[in-house]
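The structure appears right after this line, and notes come after that.
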Amino acid sequence: MRRALVFLVFGPAMASVTALLVMTEASSPPPSYFREFLVIVLFFFTLAVSALAGCLDAYLVRAFAIPLRAPLVAAVGR
């Protein structure tokens with residue numbers, strides 16, 4: 001259950017928050033409605049990638065230790 005929470009909620013949420021912070025700190029930030037729309041779109045696009053990486057991680061959990069599994073999952077999520 002923790003794996004699903006991390007891959008499907010925490011990962012896309014952190015990507016969206018990071019994008020929001022970058023846009024807020026820009027010299028001429030875009031309008032508020034554009035930022036909100038972009039953050040929502042970014043969340044849903046990264047949700048699909050995170051789901052794929054989570055499935056691969058669940059498959060590899062029995063075969064590899066964490067130090068060997070982490071680069072493989074990161075390569076899929078890239």
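Among the residues of region 41-59, the ones that are aliphatic (A, V, I, L, M), more than 16 Å from A19 (Cα to Cα) and either crowded, with 16+ Cβ neighbours inside 10 Å or touching a Cys at 6+ places or on another chain (Cβ under 6 Å) (or both) come to 3 in all. Would you mind stating whether V6 is β-branched (V, I, T), at pLDDT below 75 and touching a Leu at 6+ places or on another chain (Cβ under 8 Å)? So V6 does not fit the description; no. Given the structure, is V76 in a helix (DSSP H, G or I) and at pLDDT below 80? The answer is yes for V76. Any residue at all in region 18-28 that's of a type in the set (S, T, Y), at pLDDT below 85, exposed (fewer than 10 other Cβ atoms within 10 Å of the Cβ) and not in a helix (DSSP H, G or I)? Yes - at least one qualifying residue is present in region 18-28.
Criterion applied to R69, R62, R35 was being among the charged types (D, E, K, R) and outside any helix (DSSP H, G or I), and the one residue passing it is R62.
The values are calculated or read from the model by the stated rules, or taken from the named source; none is laboratory data. Just so it is clear, the structure is predicted and the values come from calculations on it, not from any experiment. Every residue, glycine as well, gets a Cβ built from its backbone with ideal geometry; the counts of neighbours run over all protein chains shown.
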